[in-house]
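Inspection log for the structure reproduced underneath, given as C-alpha cells.
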Amino acid sequence: MRTPENRSPTEAARAGDEALPVLLARVAEGDEAAFVAVYDAVCGRVLGVTLAVLRDRAQAEEVTQEVFVEVWRTAGRYRSDRGGVRTWVLTIAHRRAVDRVRSAQASADRERRAGRLEAALPEFDQVSETALEHDERERVRRCLGSLTALQRQSVTLAYYRGLTYREVSEELSLPLGTVKTRLRDGLLRLRDCLGVRGA
C-alpha cells in the first residue's frame, strides 16, 4: 500500500486534504508535478474566493494567478500547526483579492482628488493673462504719472471716461484747440513711455 509520501501527484490530488501538506512540502523543494497537483486541488476554490471579492472575472483570474505564484515561492513557509493547506492558500487568495480592491479604490480616490484639484486651479493661460494684464495696468499708471497734470486730466477724461474732445474742453474749461494739443502731446509721451512704435 502506498503512503501519502510516495503517492503520485495525481493520486494525491484525488486523495484530498490529507495529502496536500506532503504535496506542498514537495512544492517547496521545486517539484513542479506536486505544484500541479496542489493547483488542481484548490484552483476552483481560489478562483471562487477571488471572484466573490472582486466581482470581475478578468481581475479574479489575474489575482488567482498571483496567488499561485506566491504559493510556488512561499510553499516552504507553510506551517501545518496553523491550519490546512487549503485554508492557507485560500487565505492568501482572500488577502490578495482584498488588496486589489483597496488598490483600485485608492487609485480611484487619487484620480477624484486630482480631478477636483485640477478643476479648482485656473488654467495656465488664465493665470498668465491676468498677470500680464496687471503688469500692463501698472506700466500705464506709471506712464500716466509722467504726464503733466493737464495732459493726464485730458487723457483720463477722453480715454477712461469716454468723453469727446468737446466734452473734455467743457469739463476743463479750456479751448478745444488746447485740449486737442494736450491730448496729442500726452498720447505721444504715453506711446514713448510704453515703448509703442508709431505707425
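Laboratory data are not the source of any read-out in this text; all were calculated from the coordinates shown. Keep in mind the model is a prediction, meaning the values are calculated, not measured. Here the Cβ is made from the backbone with ideal geometry for all residues, glycine too, and neighbour counts use every protein chain on show.
Points worth noting:
- Modelled label positions at LEU194 and SER80, each set 7 Å beyond Cα in the direction of Cβ, lie 9.2 nm from each other.
- Hydrodynamic radius of segment 33-96 per Kirkwood, over alpha carbon pairs, in Å: 11.7
- In a fully extended conformation the segment linking GLU62 and ALA108 would gain 14.6 nm over its present Cα-Cα distance, using 0.36 nm per residue.
- All-pairs Cα distance distribution in segment 59-199, expressed in whole percent, bin size 10 Å: 10, 20, 13, 8, 8, 7, 7, 9, 10, 6, 2
- Contour excess over end-to-end distance, with Cα ends at ARG184 and CYS43 and 0.36 nm allotted per residue: 41.7 nm
- The gain in end-to-end length when the SER146 to ASP99 segment is fully stretched comes to 10.0 nm, 0.36 nm per residue minus the alpha carbon separation.
- Segment 132-199: C-alpha gyration tensor shape, a/c 1.5 cut-off, then a/b vs b/c: prolate
- Debye log10 I(q)/I(0) at q = 0.24, 0.25 Å⁻¹ for segment 19-60, Cα point scatterers: -0.73, -0.75
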